[in-house]
Amino acid sequence: PPAPPPPQLVLLYTGAEEEMLVLFETPAGFALFKVLDEGKLSSVEDLWKDFASSDKARKVVELKAFNKFENTSDALSAATLLIDSKPSKGLRKFLQKHCDGETLAVADSKLGNAIKEKLQIDCLHNSAVMELMRGLRNQLTELMSGLAEHDLGPMSLGLSHSLSRYKLKFSPEKVDTMIIQAIGLLDDLDKELNTYAMRVREWYGWHFPELTKIVADNIHYAKAVKMMGNRVNAVNLDFSEILPEEVEAELKEAAVISMGTEVNDLDLSNIRELCDQVLALSEYRAQLYDYLKSRMNTIAPNLTALVGELVGARLISHGGSLMNLAKQPGSTIQILGAEKALFRALKTKHATPKYGLIYHASLIGQAAPKHKGKISRSLAAKSALAIRYDALADGDDNSMGLESRIKVPVTVV
């Protein structure tokens, strides 16, 4: 018995009466190519050979029509719609004018479905079509008169830049990036600040070990060390702007009878430079916190009113964006940040965690230990509603968050 025809030949053959057209997008406009020899499409593996040169390519396809973009904004609009697999108004008119009963080969199956639904034009998309598109791209400037290769490059680059700027400008999640970056930097600064402050205490502790217990605050410690330098100077200095009166008196007494070792001026100079770094980081951290507070009150005012700026920012950062967080139920928000503990509990069949990042909210901190789990569940449910309101509603006030905060019980009866 005779062998059956190749499957791709069956898919691509459209009959003698029907022509096959290929829709090809370029930075300059939309091109329609007519397939002259559909038999070539039966062998996908050898199709690239027919586009090895411009003369061979002209035997397979020829340009039937071209719809040029009027300006950059027209090209940007069409490209934006194509990303979403939607035909632009200009493309629809172009296809209605030049496609009458022909089969249209397209590079995007979803775009083909949209064209078929709106214009009733049969569309085709398979491996042979994609190989044909590859060949067309290779010989595009030879098949289209008036489109030089040195013009095509800058046009492609310009359109890609415009498209990138457009997507960045209108990205609904772009503002979340500021919060995510700010809270990440704030956490990094806290770690660095703590490391530097501990280094100051250890370093200066060789000279004045008693000061570590007298001054507990790291910033006050750095300021005192920077002002004092050698401990023998403490008696003649006024620390009233830095320390309370009783702490200042204790410091001066300890400086006289300190058991620390002596250090030279070079050592003290380096310690003071480190103190400058601690104070500079502390000052920048305060500025960054004010910035984060301002951004949170603008972008997520209701979430901020419920859980505070830091907890709200960490929830958004952990969720990826405000919109992603808005898609999560209250039960997920409740344990967000405690994923390791959750999966460990499920694996070992122990009790699952009752809270994650939300534990640091002031409402949960005020609750009694036995009520923290119930308060966190209630607060997570209210937070889920607040997040959705912030992400999707048009209002920019925090009235809903303040009302919800009042309804969260601090104590459970």
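The values are calculated or read from the model by the stated rules, or taken from the named source; none is laboratory data. These numbers were taken from a predicted model, which means no experiment stands behind them. Because the Cβ atoms are built from the backbone with ideal geometry, glycine has one as well, and the counts that use them run over all protein chains shown. Only protein heavy atoms, including side chains, enter the accessible area calculation; ligands, DNA and RNA are left aside. Shrake-Rupley method; radii C 1.70, N 1.55, O 1.52, S 1.80 Å.
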Inset, instruction - Select the helices (runs of 4 or more DSSP H) contained entirely in region 251-335, then report the ones holding at least 2 residues which are open to solvent by 60 Å² or more (accessible area, probe 1.4 Å) and either free of Cβ contacts under 8 Å to residues at least 12 places away in the same chain or not assigned by the TED database to the domain that holds Asp188 (or both). - result: 265-299, 309-319
Legend entry - Positions within region 364-392 being more than 16 Å from Leu315 (Cα to Cα) and hydrophobic (A, V, I, L, M, F, W, C), in sequence order: Ala367, Ala368, Ile375, Leu392
Inset, instruction - Evaluate the following for Ala367: is it outside the structural domain of Arg285 (by the TED database) and either touching a helix residue (DSSP H, G or I) at 6+ places or on another chain (Cβ under 7 Å) or under 16 Å from Pro409 (Cβ atoms) (or both)? - result: yes
Inset, instruction - Considering only residues that are under 15 Å from Met130 (Cα atoms) and more than 43 Å from the chain's Cα centre (by Cα), look in region 26-38 and name the one that is surrounded by the fewest Cβ atoms within 10 Å (Cβ to Cβ). - result: Glu38
Legend entry - Which numbered condition Leu104 misses (of (1) assigned to a helix (DSSP H, G or I); (2) open to solvent by less than 20 Å² (accessible area, probe 1.4 Å); (3) more than 23 Å from Gly146 (Cβ to Cβ)): (1)
Inset, instruction - Give Leu41, Leu82 a once-over and let me know the one that is at pLDDT below 85, under 15 Å from Arg134 (Cα atoms) and among the aliphatic types (A, V, I, L, M). - result: Leu41
Legend entry - Selected residue [among the hydrophobic types (A, V, I, L, M, F, W, C), at pLDDT 90 or above and open to solvent by less than 40 Å² (accessible area, probe 1.4 Å)] from Ala384, Ala338: Ala384
Inset, instruction - Within region 6-38, track down each residue that is at pLDDT 50 or above, of a type outside the set (Gly, Ala, Ser) and outside any strand (DSSP E or B). - result: Glu18, Glu19, Thr26, Pro27, Leu36, Asp37, Glu38
Inset, instruction - Would you please name the residue that is most open to solvent (accessible area, probe 1.4 Å), looking only at residues in region 68-77 that are among the small types (Gly, Ala, Ser) and free of Cβ contacts under 8 Å to residues at least 24 places away in the same chain? - result: Ser73
Legend entry - region 336-353, residues that are in a loop (DSSP other than H, G, I, E, B) and either under 20 Å from Lys407 (Cβ atoms) or polar (S, T, N, Q) (or both): Thr352
Legend entry - Criterion (out of contact with any Gly (no Cβ under 8 Å at 6 or more places or on another chain) and at pLDDT 80 or above) met by exactly one of Phe94, Phe66, Phe51: Phe94
